[in-house]
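Structure, as structure tokens:
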Amino acid sequence: MSAISGARTTGPANAKPWILENKGEGRFDVRRAAFTADLVEAEMRGIFDHSWLYVGHESEIPNSGDFVTRTVAGRPLVLVRSSDGMIRVLQNSCSHRGAEVCRERRGNSRLFVCPYHAWTFQNDGQLRGTSFPDGVSKGFDRKRMGLKTPPRTEIYRDLVFVSFDRDIVDLQTYLGRAKDYLDQILDQGESGTEIVEGTHEYSIDANWKLLIENSIDGYHAPSTHQRYFDYLKRNSGSIDRGPQRYSRGMDLGNGHALMTGEATFPRPVALWASMLGDEAQPELDRVMKRLVERFGPDRADRIATHSRNLFIFPNLIINDVQAITVRTFFPIRPDRMSVISWALAPRNEPEGLRKVRLDSYLSFLGPGGFATPDDIELLESCQRGFANREAEWSDLSRGMSDAEPDMLSEEQMRAFWRRWDHMMRDDGAPASTVAGERI
Ligand code: FES
Ligand code: FE
């Protein structure tokens, strides 16, 4: 395929472009080599090292000394509530010779003892002591030997993010227009939100960017997830609201994107269907009344009865559909990614609604649910399909001719790709080579 005339082509002048966009003609193509070339290192340095990255939620470490370990952009980290009550993110690498000082997935401890030579660190990262202290050299400065922290850590409404870029804008500026939609999700909890205990971790034999596309892809739902819609219909779980009056796919700027519209699924906050049981209805009415009191009727209606698939660049998806799923993922190899996901819920949610929420979470987006296995199968299928190198381009032009693209458009994915392309170019990444060929 030759370059589209008048298209905004990207990449250095002597490199082939990753994307071709022509707004006038309504064309948007992504070079499939972006999914198959070994760009992981370039993406880590060009994108993940210059973004805000989700680490975890404050509710996962409610008590002083609580910690969870996470791997974020390849770095092992500890998210901890230190003995002084502060939330901290520590880099899990001993200041002596590098071993991980915390090897548990989660727990509670005042100290982390390195298993290699037994240096001991307080849970705020400071070095407490070394084994066989008589042998330390004169120049050894214990104060300088604490655990490192990522250059930036910020918390927005209990969501903990880090950045490895000291000069990045503050988190709220980074979230930009995505913040209002994030608020619409978090406002569902009058006394805050919490991660429901339990974590799903799995890996997919596909490029990580395919999961971004998939997570904000309304177009695939009727075909890929027909089984789920049938199941809902059979179990009185779908809501016929007539023709959908509001449906949008949006570029929120900074690479963030949103797919939103009137929900056709029951939502524990606060949209009832008979699947939820009669006993849930008065509780949902009460929740709705409080939302109206707190936010007024319009915003309350949007919070309660609209679904949102919110993508925060580069790798955080919050699906607020029948339940709220928080999902993040990282590339391992060009054709493999690791995924971790949790259910988010309002704090102090009544037991019945919590049960409905977890049932919905597991039956749709859980690893054994109606959606995730089918999505994974298709992402892996795309990755296998890319072996046909002769088919060089994927088409993501749907909705480009619409003034207000809807949920079935691909505007959301274009938002991601524009930002990805921009950041990769800033890093000079297109100088990567595939089989000796400059791409
Ligand atoms: Fe941790 Fe030596 S590497 S004490
Ligand atoms: Fe899906």
Which listed residue, of L358, L379, L362, is buried (at least 17 other Cβ atoms within 10 Å of the Cβ) and either within 16 Å of ligand 1 (Cβ to nearest atom) or free of Cβ contacts under 8 Å to residues at least 40 places away in the same chain (or both): L362
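Residues are listed down the side, and each one gets a yes or a no for (1) of a type in the set (K, R); (2) open to solvent by 20 Å² or more (accessible area, probe 1.4 Å); (3) touching a residue at least 24 places away in the same chain (Cβ under 8 Å):
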position	(1), (2), (3)
F121	no, no, yes
P151	no, yes, no
R157	yes, yes, yes
F161	no, no, yes
L171	no, no, yes
K179	yes, yes, no
Q184	no, no, yes
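Take I303 and tell me if it is open to solvent by less than 10 Å² (accessible area, probe 1.4 Å) and outside any strand (DSSP E or B).
Values: open to solvent by less than 10 Å² (accessible area, probe 1.4 Å): yes; outside any strand (DSSP E or B): yes.
So I303 passes the test.
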Please go through the range 47-77 and pick out each residue that is in a loop (DSSP other than H, G, I, E, B) and open to solvent by 10 Å² or more (accessible area, probe 1.4 Å). P62, N63, S64, G74
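Give the number of residues within the range 256-283 that are among the acidic types (D, E), in contact (Cβ under 8 Å) with a residue 60 or more places away in the chain and either within 27 Å of S215 (Cβ to Cβ) or buried (at least 17 other Cβ atoms within 10 Å of the Cβ) (or both). Quick ask: steps written out before the conclusion?
In the first step, residues of the range 256-283 are kept if they are among the acidic types (D, E); the result is 262, 278-279, 283.
Filter once more, so that each one left must be in contact (Cβ under 8 Å) with a residue 60 or more places away in the chain: 279, 283.
With the extra rule that they be either within 27 Å of S215 (Cβ to Cβ) or buried (at least 17 other Cβ atoms within 10 Å of the Cβ) (or both), the set shrinks to 283.
Residues in the range 256-283 being among the acidic types (D, E), in contact (Cβ under 8 Å) with a residue 60 or more places away in the chain and either within 27 Å of S215 (Cβ to Cβ) or buried (at least 17 other Cβ atoms within 10 Å of the Cβ) (or both): 1 in total.
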Could you tell me whether R128 is open to solvent by 50 Å² or more (accessible area, probe 1.4 Å) and either in contact (Cβ under 8 Å) with a residue 40 or more places away in the chain or touching a helix residue (DSSP H, G or I) at 6+ places or on another chain (Cβ under 7 Å) (or both)? no
Hey, among E213, E190, which residue is modelled with pLDDT of 95 or more and not aliphatic (A, V, I, L, M)? E213
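Criterion first (in a helix (DSSP H, G or I), crowded, with 21+ Cβ neighbours inside 10 Å and touching a strand residue (DSSP E or B) at 6+ places or on another chain (Cβ under 9 Å)) does K143 satisfy it? Before you say what the answer is, go through the steps one by one.
Details: in a helix (DSSP H, G or I): yes; crowded, with 21+ Cβ neighbours inside 10 Å: no; touching a strand residue (DSSP E or B) at 6+ places or on another chain (Cβ under 9 Å): yes.
Criteria not met by K143.
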Looking at (1) within 16 Å of ligand 2 (Cβ to nearest atom); (2) free of Cβ contacts under 8 Å to residues at least 60 places away in the same chain; (3) open to solvent by 20 Å² or more (accessible area, probe 1.4 Å), find the lone condition where G385 falls short. (1)
Can you confirm whether the range 308-316 contains a residue that is open to solvent by 20 Å² or more (accessible area, probe 1.4 Å), part of a loop (DSSP other than H, G, I, E, B), aromatic (F, W, Y) and touching a residue at least 12 places away in the same chain (Cβ under 8 Å)? no
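Report the residue count in the range 190-236 for those that are in a loop (DSSP other than H, G, I, E, B), more than 12 Å from ligand 2 (Cβ to nearest atom) and buried (at least 22 other Cβ atoms within 10 Å of the Cβ). Working first, answer last.
At the first step, the residues of the range 190-236 found to be in a loop (DSSP other than H, G, I, E, B) are 190-192, 196-199, 205-207, 216-220, 225, 235-236.
With more than 12 Å from ligand 2 (Cβ to nearest atom) added as a condition, the list becomes 190-192, 196-199, 205-207, 235-236.
Those left that are additionally buried (at least 22 other Cβ atoms within 10 Å of the Cβ): 206-207.
Matching residues across the range 190-236 total 2.
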Of the numbered conditions (1) modelled with pLDDT under 95; (2) open to solvent by 10 Å² or more (accessible area, probe 1.4 Å), E41 satisfies every one except a single condition; which is it? (1)
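Just wondering, is there one or more residues in the range 40-50 that are within 30 Å of P346 (Cα to Cα) and away from ligand 1 (no atom under 16 Å from the Cβ)? Spell out how you get there, then give the answer.
The initial filter retains those residues of the range 40-50 that are within 30 Å of P346 (Cα to Cα), namely 48.
Now narrow it down to the ones that are away from ligand 1 (no atom under 16 Å from the Cβ): 48.
Yes, because at least one residue in the range 40-50 is within 30 Å of P346 (Cα to Cα) and away from ligand 1 (no atom under 16 Å from the Cβ).
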Might you check whether a residue that is within 13 Å of ligand 1 (Cβ to nearest atom), surrounded by fewer than 17 Cβ atoms within 10 Å (Cβ to Cβ) and not polar (S, T, N, Q) occurs anywhere in the range 78-96? yes
Does R286 qualify as being surrounded by fewer than 23 Cβ atoms within 10 Å (Cβ to Cβ), of a type outside the set (S, T, N, Q) and under 30 Å from M423 (Cβ atoms)? no
Residue pairs, Cβ under 7 Å, 6 or more apart or interchain, first in the range 203-230 and under 20 Å from M44 (Cβ atoms) and of a type in the set (S, T, Y), second away from ligand 2 (no atom under 12 Å from the Cβ) and open to solvent by less than 10 Å² (accessible area, probe 1.4 Å). List them. S203/M337; S203/V339
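The values are calculated or read from the model by the stated rules, or taken from the named source; none is laboratory data. Given the structure is predicted, the values throughout are model-derived calculations rather than measurements. Because the Cβ atoms are built from the backbone with ideal geometry, glycine has one as well, and the counts that use them run over all protein chains shown. Remember, those area values only see protein heavy atoms, side chains included, never the ligands or the DNA or RNA. Shrake-Rupley method; radii C 1.70, N 1.55, O 1.52, S 1.80 Å.
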